[in-house]
1. Scan the stretch 79-123 residue by residue and report those that are more than 16 Å from the ligand (Cβ to nearest atom), open to solvent by 60 Å² or more (accessible area, probe 1.4 Å) and either more than 14 Å from A158 (Cβ to Cβ) or among the polar types (S, T, N, Q) (or both).
2. Of these, A248, A202, A216, which one is open to solvent by less than 10 Å² (accessible area, probe 1.4 Å) and in a helix (DSSP H, G or I)?
3. Got at least one residue in the stretch 146-161 being closer than 24 Å to A183 by Cα, under 16 Å from the mean Cα position of the chain (by Cα) and open to solvent by 40 Å² or more (accessible area, probe 1.4 Å)?
4. Looking at G70, G76, G137, which is the one that is surrounded by fewer than 21 Cβ atoms within 10 Å (Cβ to Cβ) and touching a Pro at 6+ places or on another chain (Cβ under 8 Å)?
5. Residue under question is G230, and the condition is that it be within 15 Å of the ligand (Cβ to nearest atom), under 14 Å from V143 (Cβ atoms), open to solvent by less than 30 Å² (accessible area, probe 1.4 Å) and modelled with pLDDT of 95 or more; does it hold?
6. Within the stretch 93-121, can you find the residues that are in contact (Cβ under 8 Å) with a residue 60 or more places away in the chain and in contact with a helix residue (DSSP H, G or I) (Cβ under 8 Å, 6 or more places away or on another chain)?
Amino acid sequence: MRRPMVAGNWKMHGTCDSVADLVEDLANQVFPSGVDVAVFPTSLHLGFVVECLEDLPVSVGAQNCAHEAGPGALTGEISPAQLVDAGCKLVLVGHSERRQIMGESNELLVRKFAAAQASGLTPVLCIGETLEQRDAGKTLEVVGQQLDSVIEELGIGAFVNAVIAYEPVWAIGTGLTASPQQAQEVHAAIRAQLAKENSEVAQGVRLLYGGSVKAANAAELFGMPDIDGGLIGGASLNADEFGAIVRAAGN
Ligand code: 13P
């Protein structure tokens, strides 16, 4: 049985005041014990959030890390080892906003994934297709390549301590959600691709869905056999809404 996980990606949101309010509101949520909960604030707020959530069963992760374990001369970057030092347990690798807007390639992301694991962080590998790719019938090909780039370089063993988030780019921040059937189809394909290498690893790895998940649609998505939780953007900025999504994963 895979333990569900619900994670909030706060993206480039929050001020010192609003983040303090959000963590205070999170502390008032009832989280079911059977769900792993995590939040990903900006790097600027990581230390503060780690401190505030110390006594709660909520892990803190970073949205990005350097492609080298560090330390070193890499102006503006934060090493995975520094993230561990700050209390982080997880790191997002390859969010579509970084792939598309910052131009991060599969090659670079494999290095980030490896550096994160080498430092003791659990990478959350984000993969997903654009609307054009879906319309061209290339969804499974694109997602398969994004996954393969890690398997080929690091081997299937890299997924023993990793999480995968399937986030169709067209569903992110648009209010358009993949239907539970659409999401399940891709999740099943991801698990089948992993199973070709090692079925035990494939059965153990958690596959989260991301893209306009809200309290209103979470239960239906999480009810699918290969959807093990969610990576939540906008809705994670509201503690009540996020709490309701976490509880949906616990049912
Ligand atoms: P939204 O939930 O705002 O669509 O964002 C999803 C996402 O990108 C999480 O990483």
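The values are calculated or read from the model by the stated rules, or taken from the named source; none is laboratory data. Nothing here was measured: the structure is a model prediction, and the numbers come from that model. Note that we place each Cβ from the backbone using ideal geometry, even for glycine, and neighbour counts take in every protein chain shown. Accessible surface is based on the protein model in full, side chains and every heavy atom, while ligands, DNA and RNA are left aside. Shrake-Rupley method; radii C 1.70, N 1.55, O 1.52, S 1.80 Å.
1. Q82, D85, K89, E107
2. On the way: A248 fails: open to solvent by less than 10 Å² (accessible area, probe 1.4 Å); A216 fails: open to solvent by less than 10 Å² (accessible area, probe 1.4 Å).
It is A202.
3. So far as the stretch 146-161 goes, yes, one or more of its residues are closer than 24 Å to A183 by Cα, under 16 Å from the mean Cα position of the chain (by Cα) and open to solvent by 40 Å² or more (accessible area, probe 1.4 Å).
4. Answer to the selection: G70.
5. Working: within 15 Å of the ligand (Cβ to nearest atom): yes; under 14 Å from V143 (Cβ atoms): no; open to solvent by less than 30 Å² (accessible area, probe 1.4 Å): yes; modelled with pLDDT of 95 or more: yes.
Judged against the criteria, G230 is not a match.
6. Answer for the stretch 93-121, where residues must be in contact (Cβ under 8 Å) with a residue 60 or more places away in the chain and in contact with a helix residue (DSSP H, G or I) (Cβ under 8 Å, 6 or more places away or on another chain): S96, Q100, L121.
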